[in-house]
Amino acid sequence: MSINQKIFVLLLLNLTIPFVKANELREANIKIYCNEYVPFGRQTHVVITMEILPVNSTITIWFSTPDYLLAYFEVGYVAKEMPPKFEKTSSISNNLSYFGIKTEIKPDYEEGYYANLTATFWTAGNTELTLLGRIKPIRIFDVIQIVSIEVSLPQHCSPQLTMLACSDPQSPKQVLITRGFLINAQFLEDCDLKVNGIYNWSLRDAVGLICIIFYI
């Protein structure tokens, strides 16, 4: 094989591999399911499904409301498996029923893989959930799934907070552990309460399962 032929083969491989990985992202056929009406301030189930799990590539998932990140994880070709765990199933409809998810959106497929997440919604103005699937650093093809929701408020008044920093889950704030970082909370609805309380803060992993640090 001549040098020119070897160069051609290498170029062909470099062009082919990204498209093969992007094809795995398409074949995964990622979907999200949750109840249309979700409770304010209480955990509710959300199910993410894949028709086929990736083998040769790593798919990164961002799952968020317009205000904050609900989950961030990688699935597929990873050095260490990250939660949530995807389980094989022969009936996604049965799994949705098991987790109490009632939706008019019928599953595109019944056989595949599912992962169960729990999410808590603190902002009544959040009207949609967004899932972004991407193979990094390739950006040839992204998967975006959007599901409409309505946060059901209790009959009594519920105080609502918003964060003045870190409010965009797609543009997280970079923090240096060697320097200070100020986070401000602002009440959108204080329910005429005298707010002189103590704030408890906890830093957790992206899925919210592991508490890294807790302080008052």
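With Leu70, Leu25 as the choices, which residue is assigned to a helix (DSSP H, G or I), at negative phi and not charged (D, E, K, R)?
Leu25
Which ones in the range 73-112 are outside any loop (DSSP other than H, G, I, E, B), in contact (Cβ under 8 Å) with a residue 24 or more places away in the chain and under 14 Å from Val46 (Cα atoms)?
Ile92, Asn95, Leu96
What number of residues within the range 35-74 are surrounded by 21 or more Cβ atoms within 10 Å (Cβ to Cβ), modelled with pLDDT of 90 or more, of a type outside the set (S, T, N, Q) and touching a helix residue (DSSP H, G or I) at 6+ places or on another chain (Cβ under 9 Å)?
Total meeting the criteria: 2.
Just to check your reading of the model, which residue among Lys31, Lys21, Lys6 is among the charged types (D, E, K, R), at pLDDT below 90 and crowded, with 16+ Cβ neighbours inside 10 Å?
None of the other options fit; the residue is Lys21.
Report, by residue number, each residue of the range 113-136 that is part of a loop (DSSP other than H, G, I, E, B) and either over 18 Å from the mean Cα position of the chain (by Cα) or among the hydrophobic types (A, V, I, L, M, F, W, C) (or both).
Of everything in the range 113-136, those that are part of a loop (DSSP other than H, G, I, E, B) and either over 18 Å from the mean Cα position of the chain (by Cα) or among the hydrophobic types (A, V, I, L, M, F, W, C) (or both) turn out to be Trp122, Ala124, Gly125, Ile135.
The values are calculated or read from the model by the stated rules, or taken from the named source; none is laboratory data. Only a predicted model underlies this, so the values are computations on that prediction, with no experimental measurement involved. Positions of Cβ are generated from backbone atoms using ideal geometry, with glycine treated the same way; all protein chains shown enter the neighbour counts.
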